[in-house]
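Worksheet: the structure to be examined is printed underneath.
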Amino acid sequence: MIIRKKEHWFRMLFIWHGSVLPRLLPRLGLLLVLSIIIVYLHGSLFSFKVPLNPAPFTLFGLALALFLGFRNNASYDRFWEGRKLWGAVLNDTRSLARQAFTTTGYEIADQEPQYFVQLLITFTYSLKHQLRGTDARADLHQRLPADLASRIGVTRYKPIMLLSEMGNWVRTLKAQGKIDSIIQVAFEESFNKLSDIVGGCERIASTPIPYSYRVLLHRTVYLYCFMLPFGLVDSLGWLTPFIVVFIAYTFVAFEAIADEIEEPFGTEDNDLALNAMCRMIETTLLEIAGQPLPEVKEFEGRIID
Amino acid sequence: MIIRKKEHWFRMLFIWHGSVLPRLLPRLGLLLVLSIIIVYLHGSLFSFKVPLNPAPFTLFGLALALFLGFRNNASYDRFWEGRKLWGAVLNDTRSLARQAFTTTGYEIADQEPQYFVQLLITFTYSLKHQLRGTDARADLHQRLPADLASRIGVTRYKPIMLLSEMGNWVRTLKAQGKIDSIIQVAFEESFNKLSDIVGGCERIASTPIPYSYRVLLHRTVYLYCFMLPFGLVDSLGWLTPFIVVFIAYTFVAFEAIADEIEEPFGTEDNDLALNAMCRMIETTLLEIAGQPLPEVKEFEGRIID
Amino acid sequence: MIIRKKEHWFRMLFIWHGSVLPRLLPRLGLLLVLSIIIVYLHGSLFSFKVPLNPAPFTLFGLALALFLGFRNNASYDRFWEGRKLWGAVLNDTRSLARQAFTTTGYEIADQEPQYFVQLLITFTYSLKHQLRGTDARADLHQRLPADLASRIGVTRYKPIMLLSEMGNWVRTLKAQGKIDSIIQVAFEESFNKLSDIVGGCERIASTPIPYSYRVLLHRTVYLYCFMLPFGLVDSLGWLTPFIVVFIAYTFVAFEAIADEIEEPFGTEDNDLALNAMCRMIETTLLEIAGQPLPEVKEFEGRIID
Amino acid sequence: MIIRKKEHWFRMLFIWHGSVLPRLLPRLGLLLVLSIIIVYLHGSLFSFKVPLNPAPFTLFGLALALFLGFRNNASYDRFWEGRKLWGAVLNDTRSLARQAFTTTGYEIADQEPQYFVQLLITFTYSLKHQLRGTDARADLHQRLPADLASRIGVTRYKPIMLLSEMGNWVRTLKAQGKIDSIIQVAFEESFNKLSDIVGGCERIASTPIPYSYRVLLHRTVYLYCFMLPFGLVDSLGWLTPFIVVFIAYTFVAFEAIADEIEEPFGTEDNDLALNAMCRMIETTLLEIAGQPLPEVKEFEGRIID
Amino acid sequence: MIIRKKEHWFRMLFIWHGSVLPRLLPRLGLLLVLSIIIVYLHGSLFSFKVPLNPAPFTLFGLALALFLGFRNNASYDRFWEGRKLWGAVLNDTRSLARQAFTTTGYEIADQEPQYFVQLLITFTYSLKHQLRGTDARADLHQRLPADLASRIGVTRYKPIMLLSEMGNWVRTLKAQGKIDSIIQVAFEESFNKLSDIVGGCERIASTPIPYSYRVLLHRTVYLYCFMLPFGLVDSLGWLTPFIVVFIAYTFVAFEAIADEIEEPFGTEDNDLALNAMCRMIETTLLEIAGQPLPEVKEFEGRIID
């Protein structure tokens, strides 16, 4: 995720880092060259004049606006739902950490609730690893007893197995008579919420926007942009390449950003900063548990992952 | 559902599988032939010149944009709600499987919770069969005791009857004194959620978008496309057929995709992969229950059902 | 509600039943005659040429698109919320019917839970009668003891009074010691959900879209359509009547459908099939209660009510 | 709120009451006079011809469409959320009234639950008075014991203080041993819902749409309309005033309605009928409590408040 | 937040305070000067005539409309969600304050519930301080015992640590036998809701709209506006500067407002009035607790913070 403080309106026009412009340069360069050739040939192809004018582009533009708007809303909704789900991880783990002390009779100095808080932190990290397809074992071994870390390390759905582990922790509490059914059910309901979050993240990660939509939109955007110089060359003359590249930049960049945030759990520039969120959750849970907080990593540069 | 890894932007322009283009070829071919004839006749019909120009098409285009946008949003909402409902099946069955161990006092080795987990898995498969109108009996007999499988096999709403069966399982637990009312009510609330999911899926499957909308949209799209060559022939000349077919492809494909995902539980290319989801739910439930996991089927091709 | 199986794209262009076209014929006929007269007079009125051209229609069209899109979304949301509420009736009555057996200690053969299931079924029918303004007494007397049917029959809000009756049934259970407070509260929460559904349906039925919106939209649509021939006659000539009627059909039909589904509990073609839903709920509740199922009525024709 | 039965499509074009037209007449009259002057001067101002044409109005129209659509959706959402909140008052007070009998052991003849129902009814009326800024004391004294009515009458947030009073009623029940903690918590949860409703209504009433939006939209709409005659006079001639006024009516009325329903708790024509809703809630609560129902007031005219 | 009473439609056109116009004056002034120069040069740059006409601006305008609409909806949703979260703070603290008396057995004169209400008020103020990045210690020391205020004052997530403190208060109640598990869980559920609210506010404050969107939109809006005079100078002549500045005002102001309300917890003109809301929550909680209410600060001017 890109974090920059507010810029002056004029300086913001020339921002390079944080814009998708760098990644699009080859395509726009190609289009620029093509436009210059078309201007040079006065819109003729193999000595046939291509009889395009702005009218069909307006009809076309309507379809394009339709597509881009729809695609973009769907992508942003996925991005924002992903963010909400990770916000819910924060909320629910905080609530569970609090209740591990307030409803069980444990004191801050006891070993048992501290172990439970470590389970919650590990849950967060292993959810991140599952969504990004990375190896969770280092984080498991750092925070859990060796045998548990090994046992969870070989399972397929690690966050879910950690929830079962938390359920067993609560079950032991009840068997020891420290809590009754009412408190146990309250814990289980919070675990259900975490289970819903895991499933919600898996849903976003595994079900993209229907592929046919993406193909169709992609084709419409690019064909529109590459036909545009023929339509404008007669009225705009030598200005055509600049206008065409600018319009194309707008449309193509819009599609590119939508494509990027559609999968919000990745590691592209505009994706969610799952690492930073994991560290933040760890910090707040440790604070609730009365543990010393880790150093805040100095934030370098403008992109957090 | 079509799953393809990200393509280079240029190669994506020429994708064949996963696009709806193949299915639309006959209609677009017909339109191409018609456009060529119109160009040949210079826009005259029976030696009367048809006096169409782009102006009414812009007025028209507005109505079309309205319709397509509305229809498309409604269809995508249905698709995504269907996906959310199946995500909720995953979440709730996982939670129930966990609680079958943590709140009942049963151990992983006990026969009873394993039977309950099989009920959950069978529930998932029979929901799929109900939504696709296929025969659930093979899946019932494979996972349940013969007499129960036969009894459920003749009922009309199998997933609901399986919920009653789960309710009876919990009732027996309480009668045996293994759980109290509080735990029973927690189970029943999870069953209620599964009942809501079944009803939600039935709602989507049984209530299409109002038929009059679909007829009206269909007519508007096709009449628009088939009148388009008359409107453009004067200004575009020999380029008319190509532009017309391209514009028509965009509009017609948009409607075709909306039509496909409107019923997300079917077996068309862009529909939800219910089979894959059933297998996935089965795997994660078996993992919670400490059972050996089935082999992951090698994923062949790009379309999962 | 109109249920038709998918048609071939070409045949769908000529569908008559299920389209709103028949109902709109008189208005469109009037417009056709008017357009022909205007073409005959070359756009003059009392020998003054009406100097309209397509430009103001584009400005106008924007406002129209705005209105129609807004109105249509609001109407469809009402339709779909109505459908969701009735889906929730199904879900909640199913859950209550299950719990009448699983949480009370009653067996399938007992009289008491069967009476409760009849209360649920009667609740469904009387909600339908309240929303459609029809007489509920026949359905009450067919399913309830005579004295209760008479007592409910004279009340103003019958579904709500039936909920009180269900609450009394649960209260008796508790007084007999068959259930404890926990189970009673679980029942009461389900009754609260049914109460929310009744209120939600009443809200949709009693609060239309603000009347001023409807008047304004209606005027804009019709004035637009009746001024259209003056704007197009100069450029389209003898084709004007056909194009005008087609554009008008699109706009007017869009408004007519929105008007129809705005009140989803009525009996117009595109309204919800409350009768079919009541029968379906009755069937699934009887199946849960182990009763013989009624014959499935042969579905004749394409419109279910 | 305006309630009219469906009119014939033709007669609906000439409706006066229920339309916002009467209120807008002075502005539209001013615009009409201005347009006529502009036509008379052939679009010149102080003998300079104002060189406006329809092109910039299309650019402008886009921004206008944007604004109006956004403003309108935001206003309607507020209107509909306000309606939903009042629907929830109905649902929750009905549920509480039912539970005052079914979960407490009280009979219909007992004084205590009747007092509780009066508290619920008074809560409804005092919420209305708070939202409309009117004096609640008459309604308080009519329904509550004199000392309680006086005590509540001087508080700032009357509905909230009535909720505390209901909480005290339940607390007394528990102290008397008539209910246990489980039933008490169920009551308190319903009170929390009512508290959420009060807060939701206060939110809508106290937080308008950001003021800058309203100023900007207002300016754009009116400047657009008053510049329109200069843009159309060259092509439309003597028809200009009529077309301009019609377009302006559409835009201005759209903004006026949005402005009206933005504050749904007021007493303008299209606002919510809070008085009617209070009477309706009173009737249904009295029916649940077995009390004689008040006469239904004859509904006179078309506007209910 | 700007609060003004409704103005006459005509006077509203000339409002200065509350409009974003003052802040945009330098940019619009720059554009005005540029436009005048362009008119003076008849649209030539270095004696080359810039061949721009309105056609590409219509294509462009589509993309712009897309962007502005999307950006604006996303910003307003964030604003409104922030408002809803603060409304929920009000609702939940009210409910907790009520329950501190009704479910615990404490009387209004007791010290303990009064301390709890102070915890709730301090929670509200420290949430405000966290969101605005201001120093919470003065408010902590004013309302809490010195040692607790010091202990909370050094923590990183103060509202969350206050929730733990509330949890401890409830825990002590239970240890003293004043409440049972059921009441404790009801309290903890309300604390969970407050925890969700804190997390929701942190989400909005820490996750802006993807930066690339903002850059892209900003560029498109400003380039559009600065190229506009070249496109209009031929047809509008000496009127160009006025029309251009007006169109630019509309677009630029729209973006500026969206930028302002995107971070609703700041202190700009259109941001939420967190200070006023804190005071309001304090007042209503003190009223529930039977304390004397603070003087209502005279509301001066039109902007509340």
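Given the criteria more than 12 Å from chain B (Cβ to nearest Cβ), within 23 Å of D:P54 (Cβ to Cβ), surrounded by 15 or more Cβ atoms within 10 Å (Cβ to Cβ) and touching a residue at least 24 places away in the same chain (Cβ under 8 Å), does C:G61 qualify? In short, no.
Within the stretch E:253-276, the residues that satisfy the criterion of being more than 23 Å from A:I3 (Cα to Cα) and either of a type in the set (A, V, I, L, M) or outside any helix (DSSP H, G or I) (or both) are E:A253, E:D269, E:A273, E:L274, E:A276. Residues that are of a type outside the set (D, E), touching a helix residue (DSSP H, G or I) at 6+ places or on another chain (Cβ under 7 Å) and either surrounded by fewer than 22 Cβ atoms within 10 Å (Cβ to Cβ) or under 21 Å from C:S206 (Cβ atoms) (or both) within the stretch C:253-266 comprise C:A256, C:A258, C:I261, C:P264, C:F265, listed in sequence order. Annotation note: of B:Q114, B:Q142, B:Q118, the sole residue that is within 23 Å of B:G290 (Cα to Cα) and in contact (Cβ under 8 Å) with a residue 60 or more places away in the chain is B:Q114.
Just one residue in the set D:R83, D:R71 is at pLDDT below 95 and among the basic types (K, R); that residue is D:R71.
Filter the stretch E:199-223 down to residues that are of a type in the set (G, A, S) and either within 16 Å of A:L21 (Cα to Cα) or at pLDDT below 90 (or both), then give me how many there are. Step through it out loud before you land on a result.
Within the stretch E:199-223, the first condition is being of a type in the set (G, A, S), and the residues that meet it are E:199-200, E:205-206, E:212.
Of the ones still in play, those that are also either within 16 Å of A:L21 (Cα to Cα) or at pLDDT below 90 (or both) are E:212.
Residues that pass the stated criteria total 1.
Filtering A:L272, A:L239, A:L232 for residues that are surrounded by 22 or more Cβ atoms within 10 Å (Cβ to Cβ), within 9 Å of chain E (Cβ to nearest Cβ) and within 30 Å of A:L45 (Cβ to Cβ) leaves a single hit, A:L232.
E:L85 meets all of the listed conditions (1) over 27 Å from E:L272 (Cα atoms); (2) more than 7 Å from chain D (Cβ to nearest Cβ); (3) touching a residue at least 24 places away in the same chain (Cβ under 8 Å) but one, namely (1).
Tallying residues that are aliphatic (A, V, I, L, M) and either surrounded by fewer than 20 Cβ atoms within 10 Å (Cβ to Cβ) or free of Cβ contacts under 8 Å to residues at least 24 places away in the same chain (or both) within the stretch A:180-203 yields 2.
Working carefully through the options E:R143, E:R219, find the one that is within 23 Å of E:I121 (Cβ to Cβ) and surrounded by fewer than 22 Cβ atoms within 10 Å (Cβ to Cβ).
On the way: E:R219 fails: within 23 Å of E:I121 (Cβ to Cβ).
Going through E:R143, E:R219 in turn, just one is within 23 Å of E:I121 (Cβ to Cβ) and surrounded by fewer than 22 Cβ atoms within 10 Å (Cβ to Cβ): E:R143.
Listed by first and then second residue, the pairs with beta-carbon distance under 7 Å, at least 6 apart or on different chains, first residue in the stretch A:274-299 and within 20 Å of A:T104 (Cα to Cα), second small (G, A, S) and at pLDDT 90 or above, are A:L285/A:A97; A:I288/A:A97; A:I288/E:S164; A:A289/A:A97. So the check is Cβ under 7 Å with 6+ separation or different chains; which pairs have a first residue in the stretch B:215-229 that's without any contact (Cβ under 8 Å) to a residue 24 or more places away in the chain and a second one that's among the aromatic types (F, W, Y) and in a helix (DSSP H, G or I)? Listed by first residue and then by second, the contacts come to B:L223/C:F246. Residues in the stretch B:45-58 that are in contact (Cβ under 8 Å) with a residue 60 or more places away in the chain and within 10 Å of chain A (Cβ to nearest Cβ): B:N53, B:P54, B:F57.
Restricting the first member to the stretch D:29-44 and to residues that are outside any helix (DSSP H, G or I), and the second to residues that are acidic (D, E), the beta-carbon pairs closer than 9 Å and six or more apart or on different chains are D:H42/D:D234; D:G43/D:D234. Checking each residue of the stretch A:52-65 against the condition of being assigned to a loop (DSSP other than H, G, I, E, B) and under 30 Å from B:A63 (Cβ atoms) gives at least one match. Is one or more of the residues making up the stretch B:79-91 crowded, with 22+ Cβ neighbours inside 10 Å and either acidic (D, E) or part of a loop (DSSP other than H, G, I, E, B) (or both)? No; the residues of the stretch B:79-91 include none that is crowded, with 22+ Cβ neighbours inside 10 Å and either acidic (D, E) or part of a loop (DSSP other than H, G, I, E, B) (or both). Reported count of residues in the stretch A:192-229, each being aromatic (F, W, Y) and more than 7 Å from chain B (Cβ to nearest Cβ), is 2.
With respect to the stated conditions, C:I152 is of a type in the set (V, I, T), surrounded by 18 or more Cβ atoms within 10 Å (Cβ to Cβ) and more than 10 Å from chain D (Cβ to nearest Cβ). Selection of the stretch B:94-126 for residues being in contact with a Leu (Cβ under 8 Å, 6 or more places away or on another chain), within 14 Å of chain A (Cβ to nearest Cβ) and either part of a helix (DSSP H, G or I) or more than 14 Å from B:I179 (Cα to Cα) (or both) yields B:R94, B:L96, B:A97, B:R98, B:V117, B:L120. Whether a residue is within 26 Å of the chain's Cα centre (by Cα) and within 11 Å of chain B (Cβ to nearest Cβ) was assessed, and A:M161 passes this test.
Looking at D:V33, D:V20, D:V39, which is the one that is surrounded by fewer than 16 Cβ atoms within 10 Å (Cβ to Cβ), of a type in the set (A, V, I, L, M) and out of contact with any strand residue (DSSP E or B) (no Cβ under 8 Å at 6 or more places or on another chain)? Reasoning before the result, please.
On the way: D:V20 fails: surrounded by fewer than 16 Cβ atoms within 10 Å (Cβ to Cβ); D:V39 fails: surrounded by fewer than 16 Cβ atoms within 10 Å (Cβ to Cβ).
The match here is D:V33.
Could you please let me know if C:L66 is free of Cβ contacts under 8 Å to residues at least 24 places away in the same chain, facing chain B (nearest Cβ under 10 Å) and surrounded by 21 or more Cβ atoms within 10 Å (Cβ to Cβ)? It is true that C:L66 is free of Cβ contacts under 8 Å to residues at least 24 places away in the same chain, facing chain B (nearest Cβ under 10 Å) and surrounded by 21 or more Cβ atoms within 10 Å (Cβ to Cβ).
Out of the residues in the stretch A:256-290 that are acidic (D, E) and more than 16 Å from the chain's Cα centre (by Cα), state the one that is nearest to E:M227 (Cα to Cα). Per the stated criteria, the residue is A:E282. Has the stretch C:174-189 got any residue that is assigned to a helix (DSSP H, G or I), at pLDDT 95 or above and within 29 Å of D:F79 (Cβ to Cβ)? The answer is no; no qualifying residue exists.
State the number of residues belonging to the stretch A:67-84 that are among the hydrophobic types (A, V, I, L, M, F, W, C) and within 22 Å of B:E255 (Cα to Cα).
Restricting attention to the stretch A:67-84, the residues satisfying the condition of being among the hydrophobic types (A, V, I, L, M, F, W, C) are A:67-68, A:70, A:74, A:79-80.
Imposing the further condition that a residue be within 22 Å of B:E255 (Cα to Cα) reduces the set to A:67-68, A:70, A:74.
Residues flagged as among the hydrophobic types (A, V, I, L, M, F, W, C) and within 22 Å of B:E255 (Cα to Cα) within the stretch A:67-84 amount to 4.
Checking each residue in the stretch E:218-238 for being touching a strand residue (DSSP E or B) at 6+ places or on another chain (Cβ under 9 Å) and among the aromatic types (F, W, Y) picks out E:F230, E:W238. Could you please give the count of residues in the stretch E:1-28 that are without any contact (Cβ under 8 Å) to a residue 40 or more places away in the chain, outside any helix (DSSP H, G or I) and aliphatic (A, V, I, L, M)? Final tally of qualifying residues: 1.
The values are calculated or read from the model by the stated rules, or taken from the named source; none is laboratory data. Predicted model, so just to flag it, every value in this text is computed and none were measured. Cβ atoms come from the backbone with ideal geometry, glycine included; neighbour counts cover every protein chain shown.
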